[in-house]
Amino acid sequence: MQVVRSRIEGETSRIISEITSGRYEQVLLDEDFNLLVRDIDNDYSIERFSGGEQDDIAVALRIALSRYLAELHNVHESTILIFDEIFGSQDEERRNNLLTTLRTQESRFPQIVLISHIPEMQGEFTNTLVVEMGTDQSSRVKEAE
C-alpha cells in the first residue's frame, strides 16, 4: 500500500502544483488515505481550504488516480476523463491553469469530456459540442463554430 500511496501522492502533488501555479506543491495521504495538503510548513485536511481550492485538489486527485489506474492496467487507447462543471468556483487565473493542466493530459487520455456552462470554455478544445434547448423544449446538440 505504501507504493500505491507514494505514487498517488507524487502525481497529485505535481498536478496540484500546475493548477495552483506552485502555491500548493505537496499532497499527502495518511494511513487511512485521508488527503492532506501542505501549506507553508503544515499539512491540512482539505476542509481547511476554500471551495475553489477543494475543487482544484479534487481534480488533481481524480487525474492522478486515473493515470495510476491506466498505467497499472496498461490501458491507454480507450481511456477517458470526464469533468462536470469544474470551473464554477475558479477565478480566471485558476481556470486557465486548470485548462493547461487538462491539455497536458491529452497525450495520456485521448478523450477528455468537459461539461461547462461557462461560455468562455467553448472552443478551448478541438471538438466542442453545445447543448441547447429547442423550441419544443427538447435538447439539441450542435458543434460549436
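The values are calculated or read from the model by the stated rules, or taken from the named source; none is laboratory data. Because the structure is predicted, anything quoted here is derived from the model rather than measured. We place every Cβ from the backbone using ideal geometry, glycine too, and count neighbours over all the protein chains shown.
Would you mind stating whether ARG62 is of a type in the set (D, E, K, R) and surrounded by 15 or more Cβ atoms within 10 Å (Cβ to Cβ)? First the steps, then the outcome.
Details: of a type in the set (D, E, K, R): yes; surrounded by 15 or more Cβ atoms within 10 Å (Cβ to Cβ): yes.
For ARG62, the condition - of a type in the set (D, E, K, R) and surrounded by 15 or more Cβ atoms within 10 Å (Cβ to Cβ) - is met.
Among VAL27, VAL37, which is of a type in the set (Val, Ile, Thr), more than 21 Å from GLU106 (Cβ to Cβ) and in contact with a Ser or Thr (Cβ under 7 Å, 6 or more places away or on another chain)?
Criteria check complete, one pass: VAL27.
Of the conditions (1) outside any helix (DSSP H, G or I); (2) touching a strand residue (DSSP E or B) at 6+ places or on another chain (Cβ under 7 Å); (3) closer than 30 Å to MET121 by Cα, LEU61 fails just one. Which one is it?
Unmet for LEU61, out of (1) outside any helix (DSSP H, G or I); (2) touching a strand residue (DSSP E or B) at 6+ places or on another chain (Cβ under 7 Å); (3) closer than 30 Å to MET121 by Cα: (1).
Just give me the residues in the range 88-120 being part of a helix (DSSP H, G or I) and either buried (at least 16 other Cβ atoms within 10 Å of the Cβ) or small (Gly, Ala, Ser) (or both), in sequence order.
ARG94, ARG95, ASN97, LEU98, LEU99, THR101, LEU102
Please go through the range 1-23 and pick out each residue that is within 15 Å of the chain's Cα centre (by Cα) and either in a loop (DSSP other than H, G, I, E, B) or at pLDDT below 90 (or both).
Passing the criteria: THR20, SER21.
So, in the range 24-49, of the ones that are part of a loop (DSSP other than H, G, I, E, B) and touching a residue at least 24 places away in the same chain (Cβ under 8 Å), which residue ends up farthest from GLY88 (Cα to Cα)?
PHE33
Filter the range 1-47 down to the residues that are touching a helix residue (DSSP H, G or I) at 6+ places or on another chain (Cβ under 9 Å), among the aromatic types (Phe, Trp, Tyr) and surrounded by 13 or more Cβ atoms within 10 Å (Cβ to Cβ) and list them by number.
Answer for the range 1-47, where residues must be touching a helix residue (DSSP H, G or I) at 6+ places or on another chain (Cβ under 9 Å), among the aromatic types (Phe, Trp, Tyr) and surrounded by 13 or more Cβ atoms within 10 Å (Cβ to Cβ): just TYR24.
Only residues that are charged (D, E, K, R), modelled with pLDDT of 85 or more and not in a strand (DSSP E or B): list them for the range 121-145, please.
If the condition is that a residue be charged (D, E, K, R), modelled with pLDDT of 85 or more and not in a strand (DSSP E or B), then ASP136 is the only one that fits.
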